[in-house]
Amino acid sequence: MTTSLADDSSPVRVRFAPSPTGMFHVGSARSSLFNWAFAKQRGGAFVLRIEDTDASRNRPEWTEGIVSAMAWLGMDASGYEGPLLQSGNTVKHADAAQQLLAKGHAYYCSCTREEIIARTGDQHRGYDGHCRDLGLGPGPGRALRFRTPDEGATVVSDVIRGEVRFDNAAIDDFPVMRADGSVLFLLANVVDDIDMAISHVVRGEEHLPNTPKQQMMWQALDHEPPVWAHLPLLVNEKRQKLSKRRDKVALEDYKAEGYLAEAMRNYLMLLGWAPSGDREILPWPTLIEEFRLDEVNLSPAFFDVKKLRAINGSYIRELAVEEFIARSEPWLTAPVAPWRPEAFSVQAYAQLAPLVQTRVAVMSEITANVDFLFLDEPDFDEASWAKTMTGGAAGVAAGIIDATLHSLGTVAWDADSIRACVEQAGAEFGLKLGKAQAPVRVAVTGRTTGLPLFESLQVLGRDAAISRLEAARARI
RNA sequence: GGCCCCGUCGUCUAGCGGCCCAGGACGCCGCCCUCUCAAGGCGGUAGCGCGAGUUCAAAUCUCGUCGGGGCUACCA
């Protein structure tokens with residue numbers, strides 16, 4: 001938008017400043033990725049700062065969660081400064097508060113919330129400036145408030161949104177330091193950004209209403225405000241901001257489901273920004289190179305898992321088979337895999353892996369595709385069994401299985417020969433392969449759908465195939 | 001309530017006054033391929049919220065309107 005702000009030559013130092021709340025949110029992930037792409041593409045620096053000022057809801061291990069989630073997405077600790085803890089900077093926070101006081105930009109206030117509401121008669125009116133000119137000193141129950149101008153306007157120059165104007169009269173004197181001397185987020189955030197020499201503050205749009213206040217403080221502290229960039233929100237299907245409470249937002253959950261980091265990263269980059277031309281799936285270095293902060297969209301983006309799935313499937317299919325096999329490991333072993341660990345065979349899996357690869361959109365789906373190979377008994381799907389083995393289908397199913405069994409014992413054990421057996425069995429009942437294979441498939445794999453049957457049988461082995469067909473035949 | 005932001009297919013987006021009776025992708029539907037299911041190929045469905053204005057010309061500019069959202073703590 002405002003090209004002077006997006007000037008390619010200005011030095012870049014960005015920060016990602018999450019508060020450690022226990023899980024890494026997809027919105028945070030997107031925000032960190034945008035910051036990262038912008039910094040790397042401009043040859044700038046990226047700082048990770050943990051906003052742990054609210055001691056009541058902080059745990060040290062949450063920080064580790066943020067670091068590892070970022071690493072998973074490809075933002076390795078070697079590529080950024082930090083993590084720095086906001087709580088480690090409290091001396092400077094307090095110092096800044098005193099500076100504001102000394103310069104007349106802040107004053108002590110003894111009002112309680114109740115008193116303010118009682119005076120204004122309106123919960124929504126905000127602070128009425130009661131203590132503004134009382135010249136109060138520090139003391140119990142006295143917080144420090146920033147004195148905002150009564151007239152004029154504060155204009156926030158945002159790379160994405162252009163100039164956003166806020167009338168100063170509408171901005172109440174806001175607290176910057178609690179009565180206990182601890183500094184509030186709004187100020188601490190500014191002090192840290194100044195301290196870290198942050199050049200661009202790239203964050204979610206929910207912070208836009210706070211920005212004029214922060215900009216006032218930058219200036220009151222004798223610093224040029226940074227370049228602001230407020231990213232559009234990530235929303236749910238009801239177009240509300242993604243929230244921990246009602247939406248599935250934990251990056252960890254998606255990882256556990258088998259979303260590939262590179263797919264998640266690519267998808268997230270597409271929320272609010274798009275590469276030029278009709279391209280969507282691009283390697284990370286290309287995304288970084290082509291990303292432009294000032295091209296970021298204005299409107300909120302729906303976090304669409306369907307599209308994420310599609311992109312993930314595409315990434316899975318792009319994997320070299322060996323790579324796919326290697327990456328399948330977590331879904332083939334405990335605690336995910338339902339079979340006895342000894343029953344698993346990498347060789348057997350490797351033979352079918354190429355067939356699995358085109359059939360899964362998320363890695364967790366691998367398990368159900370090959371479980372028949374390693375389970376002692378197939379995991380029968382009731383609907384599948386009912387459809388192919390009971391009622392009117394029972395007679396044919398029994399016949400097909402009998403006929404297949406008849407020739408399967410002596411046939412050469414390869415997919416083509418096995419196929420011929422089933423084809424022949426079907427012919428005896430006037431059935432095409434499509435119909436004839438169904439009871440065999442269910443008997444052996446437990447389901448009507450799955451990997452190509454004959455390759456599956458070949459890998460399963462003759463003995464297991466025969467005993468499963470016999471067991472199923474007995475159950476019909 | 002106040003302040004602020006946003007508004008192109010269902011969704012993510014391309015579009016920066018003529019190249020657009022709007023392009024791509026996901027989804028959905030159909031066809032082909034096919035041992036099931038996928039993958040793949042081909043085709044289709046569907047959109048500029050509305051109203052004024054500016055202009056020879058508007059999805060693109062302006063205003064209004066309607067709709068959606070965010071913020072509104074001695075939380076971050």
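The values are calculated or read from the model by the stated rules, or taken from the named source; none is laboratory data. Fair warning: this is a prediction, and the values are worked out from it, not measured in the lab. All Cβ positions, glycine included, derive from the backbone under ideal geometry; neighbour counts span all protein chains shown.
Name the residue, out of A:Ala415, A:Ala465, A:Ala472, that is in contact with a helix residue (DSSP H, G or I) (Cβ under 7 Å, 6 or more places away or on another chain), within 9 Å of RNA strand B (Cβ to nearest atom) and in contact (Cβ under 8 Å) with a residue 40 or more places away in the chain.
Residue meeting the stated conditions: A:Ala415.
Just to be sure I understand the filter: pairs with C-beta atoms under 6 Å, separated by 6 or more residues or on different chains, first member in segment A:365-383 and closer than 27 Å to A:Asn312 by Cα, second member β-branched (Val, Ile, Thr). Which pairs pass?
A:Ile366/A:Val356; A:Ile366/A:Val360; A:Asn369/A:Val356; A:Phe372/A:Thr445
Restrict the check to segment A:238-247 and report whether at least one residue is away from RNA strand B (no atom under 11 Å from the Cβ), surrounded by fewer than 14 Cβ atoms within 10 Å (Cβ to Cβ) and closer than 23 Å to A:Val47 by Cβ.
No, segment A:238-247 contains no residue that is away from RNA strand B (no atom under 11 Å from the Cβ), surrounded by fewer than 14 Cβ atoms within 10 Å (Cβ to Cβ) and closer than 23 Å to A:Val47 by Cβ.
Kindly list, by first and then second residue, each pair from a residue in segment A:425-446 that is among the hydroxyl-bearing types (Ser, Thr, Tyr) to a residue that is more than 8 Å from RNA strand B (Cβ to nearest atom), limited to pairs with Cβ atoms under 6 Å and residues at least 6 apart or on different chains.
Note: pairs meeting the criteria are A:Thr445/A:Phe372; A:Thr445/A:Pro378.
Which condition does A:Ala229 not pass, out of (1) under 18 Å from A:Asp95 (Cβ atoms); (2) in contact with a strand residue (DSSP E or B) (Cβ under 7 Å, 6 or more places away or on another chain), if it passes all the others?
(1)
What are the residues in segment A:300-337 that are within 17 Å of A:Glu262 (Cα to Cα) and among the hydroxyl-bearing types (Ser, Thr, Tyr), if any?
Result: A:Ser314, A:Tyr315, A:Ser328.
Search segment A:179-197 for residues that are over 13 Å from A:Gly88 (Cα atoms) and pair each with any residue that is part of a helix (DSSP H, G or I) and near RNA strand B (Cβ under 7 Å from one of its atoms) when their beta-carbon atoms are under 8 Å apart and the residues are at least 6 apart or on different chains.
A:Leu186/A:Asn210
Could you run through segment A:287-312 and say how many residues are in contact (Cβ under 8 Å) with a residue 12 or more places away in the chain, within 25 Å of A:Thr358 (Cα to Cα) and within 6 Å of RNA strand B (Cβ to nearest atom)?
2
Could you please find all residues in segment A:168-207 being among the basic types (Lys, Arg) and closer than 26 Å to A:Gly27 by Cβ?
Of everything in segment A:168-207, just one residue is among the basic types (Lys, Arg) and closer than 26 Å to A:Gly27 by Cβ, namely A:Arg203.
Does any residue of segment A:268-286 turn out to be farther than 19 Å from A:Ala310 by Cα, within 12 Å of RNA strand B (Cβ to nearest atom) and either touching a residue at least 12 places away in the same chain (Cβ under 8 Å) or not β-branched (Val, Ile, Thr) (or both)?
There is at least one residue in segment A:268-286 that is farther than 19 Å from A:Ala310 by Cα, within 12 Å of RNA strand B (Cβ to nearest atom) and either touching a residue at least 12 places away in the same chain (Cβ under 8 Å) or not β-branched (Val, Ile, Thr) (or both).
What's the number of the only condition in (1) within 8 Å of RNA strand B (Cβ to nearest atom); (2) over 46 Å from the mean Cα position of the chain (by Cα); (3) of a type in the set (Ser, Thr, Tyr) that A:Thr410 fails to meet?
Result: A:Thr410 fails condition (1) only.
Give all pairs with beta carbons closer than 7 Å in which a residue from segment A:102-116 that is β-branched (Val, Ile, Thr) meets a residue that is within 16 Å of RNA strand B (Cβ to nearest atom); count only pairs at least 6 apart in sequence or on separate chains.
These pairs meet every condition: A:Ile116/A:Tyr127; A:Ile116/A:Asp128.
Out of (1) hydrophobic (A, V, I, L, M, F, W, C); (2) within 12 Å of RNA strand B (Cβ to nearest atom); (3) in contact with a strand residue (DSSP E or B) (Cβ under 8 Å, 6 or more places away or on another chain), the odd one out for A:Ala170 is which?
(3)
Give me the pairs: first residue in segment A:37-49 and farther than 19 Å from A:Leu268 by Cβ, second residue in a helix (DSSP H, G or I), beta-carbon distance under 7 Å, and six or more apart or on different chains, which are they?
Once the first residue is farther than 19 Å from A:Leu268 by Cβ and sits in segment A:37-49, its partners that are in a helix (DSSP H, G or I) give A:Ala45/A:Ala39; A:Arg49/A:Gln86; A:Arg49/A:Asp192.
Counting only residues that are at positive phi and out of contact with any Phe, Trp or Tyr (no Cβ under 9 Å at 6 or more places or on another chain), which one in segment A:74-128 is farthest from RNA strand B (Cβ to nearest atom)?
Going through the qualifying residues, I end up with A:Gly104.
Which numbered condition in (1) surrounded by fewer than 17 Cβ atoms within 10 Å (Cβ to Cβ); (2) within 11 Å of RNA strand B (Cβ to nearest atom) is the only one that A:Ala71 fails?
With respect to (1) surrounded by fewer than 17 Cβ atoms within 10 Å (Cβ to Cβ); (2) within 11 Å of RNA strand B (Cβ to nearest atom), A:Ala71 is out only on (2).
Counting only residues that are more than 21 Å from A:Pro439 (Cβ to Cβ) and either of a type in the set (Lys, Arg) or assigned to a helix (DSSP H, G or I) (or both), which one in segment A:358-398 is nearest to RNA strand B (Cβ to nearest atom)?
A:Arg359
Could you please give the count of residues in segment A:134-151 that are within 41 Å of the chain's Cα centre (by Cα) and not hydroxyl-bearing (Ser, Thr, Tyr)?
Total satisfying the criteria: 6.
Quickly run through segment A:50-103 and pick out the residues that are at pLDDT 95 or above, among the charged types (D, E, K, R) and assigned to a helix (DSSP H, G or I).
Within segment A:50-103, A:Lys92, A:Asp95 qualify.
If I ask for residues that are near RNA strand B (Cβ under 8 Å from one of its atoms) and either acidic (Asp, Glu) or part of a loop (DSSP other than H, G, I, E, B) (or both), which ones from segment A:424-442 would you list?
The answer is A:Lys432, and nothing else.
Applying the selection to segment A:328-350, what residues are touching a residue at least 40 places away in the same chain (Cβ under 8 Å) and either in contact with a Leu (Cβ under 8 Å, 6 or more places away or on another chain) or not in a helix (DSSP H, G or I) (or both)?
Listed by number, the residues that qualify are A:Pro338, A:Ala348.
Considering segment A:137-159 alone, what residues qualify as being in a loop (DSSP other than H, G, I, E, B) and more than 11 Å from RNA strand B (Cβ to nearest atom)?
A:Gly137, A:Pro138, A:Arg147, A:Thr148, A:Pro149, A:Asp150, A:Glu151, A:Gly152, A:Val159
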